[in-house]
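Visitor: For reference, the structure I am asking about is given below.
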Amino acid sequence: MTHQKIALITGANKGLGLETAKQLSALGYQVLIGARNEAAGEAAAISIGPNAHFVHLDMALPATFRAAAQFIAETYGKLDALINNAGIGPDNGQKPSEVPMALIRETFETNVFGLLELTQALLPLLRKSDAGRIVNVSSILGSLSLNADPSAQLGDWRSFGYNGSKAAVNMFTATLAFELKDTPIKVNSAHPGWVKTDLGGDAAPMEIVDGAKTSVRLATLPADGPTGGFFHLDDALPW
Ligand SMILES: NC(=O)c1ccc[n+]([C@@H]2O[C@H](COP(=O)([O-])OP(=O)(O)OC[C@H]3O[C@@H](n4cnc5c(N)ncnc54)[C@H](OP(=O)(O)O)[C@@H]3O)[C@@H](O)[C@H]2O)c1
C-alpha cells in the first residue's frame, strides 16, 4: 500500500472540485479527478500534473462507483479523503408548489442518492486509511434553521429540490459521523460560500480559490479535528 495520501474529488473537471483537487495536489496528495465526461476529466488531470488521475464517475450511474472502487483498491489499496463535491441545482428559482417532479428526481439522484451510494462503495477503502476523511459538499441553502426563518437572507433561493437535497446531505453527514464515531474516519459537511462558478454565477462575491478552502480544510483535518459538523471555513453553521 502506498504511503502517499489519496483523495478522490467528484465533479472535479471544473469549478470548486477542480480547485479543491489543485489545492490537495499542492499539499502532496495523489488526486483522483472524478468526472462524468472523459475528455473534461482527462484535461483537468493534465492541467494539474502527474499527481492527478482521471476516474470516470457519473453520479447518476452506480456502475461507475463500483468500477472506481475496484480501480482504487487495485491501484492504491486505500482512500484517505473522499470529497463529495459534484452537485446540481436545476430547480433554482422554481416554486415548491409548481416545480416539475423530473427536476426534483434529477437533483436528488445526483446530490443525494449518488453521493450516498458512492460513499458506501468507497467506505471499505476509507477504513484502510489511518485517517479517513469524508467531505460532503453541502450549502448554507440546506440549513433547515435558515429556511424555516422567513427573515433569513436567502434571497430568492428557496427552492425545494436544491435546498432539500443539501438538507438530506447534511443528515447523511450527521448519521454517518455517528455510525463511525469510534473509528478514525471524520465526516463533515462543507459550505464553500457563494462562489463564482457556473453554478454560483458571476454575481457571487467569492473567488474559486477561496471557495475550495473549506473542503480542503475538512479533507485534511488532524486527528483531534471535528466530526459530524457543518462548516464554512473555520465557522460552524446552523443545521
Ligand atoms: N458555487 C457556489 O456558490 C456554491 C455554494 C454552495 C454550495 N456549492 C456546491 O459546491 C459543489 C460544486 O459546485 P460548483 O459551484 O463548483 O458548480 P459547477 O462549476 O457547476 O460544478 C459542478 C460539478 O459537478 C459535476 N456534476 C454534475 N452532475 C454530475 C453527475 N451526474 N456526475 C458527475 N459529475 C456531475 C459537474 O460536471 P459537468 O461539468 O459534467 O456538468 C461539475 O464538475 C456543488 O455540490 C454545489 O452545490 C456551490
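Visitor: Evaluate the following for Thr64: is it of a type in the set (S, T, N, Q), out of contact with any strand residue (DSSP E or B) (no Cβ under 9 Å at 6 or more places or on another chain) and within 12 Å of the ligand (Cβ to nearest atom)?
Guide: Criteria not met by Thr64.
Visitor: Follow-up. Name the single residue that is nearest to Ala67 (Cα to Cα) among those in the stretch 10-56 being among the aliphatic types (A, V, I, L, M) and within 9 Å of the ligand (Cβ to nearest atom).
Guide: Ala35
Visitor: Which count do you get for residues in the stretch 200-221 that are of a type outside the set (Gly, Ala, Ser) and within 12 Å of the ligand (Cβ to nearest atom)?
Guide: Number satisfying all stated conditions: 7.
Visitor: Okay, moving on. Any residue at all in the stretch 70-83 that's within 14 Å of Gly114 (Cα to Cα) and either among the charged types (D, E, K, R) or modelled with pLDDT of 95 or more (or both)?
Guide: The answer is yes, given that some residue of the stretch 70-83 is within 14 Å of Gly114 (Cα to Cα) and either among the charged types (D, E, K, R) or modelled with pLDDT of 95 or more (or both).
Visitor: Return the only residue of Leu146, Leu141, Leu154 being within 15 Å of the ligand (Cβ to nearest atom) and either buried (at least 20 other Cβ atoms within 10 Å of the Cβ) or free of Cβ contacts under 8 Å to residues at least 12 places away in the same chain (or both).
Guide: Only one candidate qualifies: Leu141.
Visitor: Being charged (D, E, K, R) and out of contact with any Pro (no Cβ under 8 Å at 6 or more places or on another chain) narrows it down to one of Glu117, Glu106, Glu98, so name that one.
Guide: The unique qualifying residue is Glu98.
The values are calculated or read from the model by the stated rules, or taken from the named source; none is laboratory data. What you are looking at is a predicted structure, and each value in this text was computed from that prediction instead of being measured. In this analysis, Cβ positions are derived from the backbone assuming ideal geometry, glycine residues included, and neighbour counts consider all displayed protein chains.
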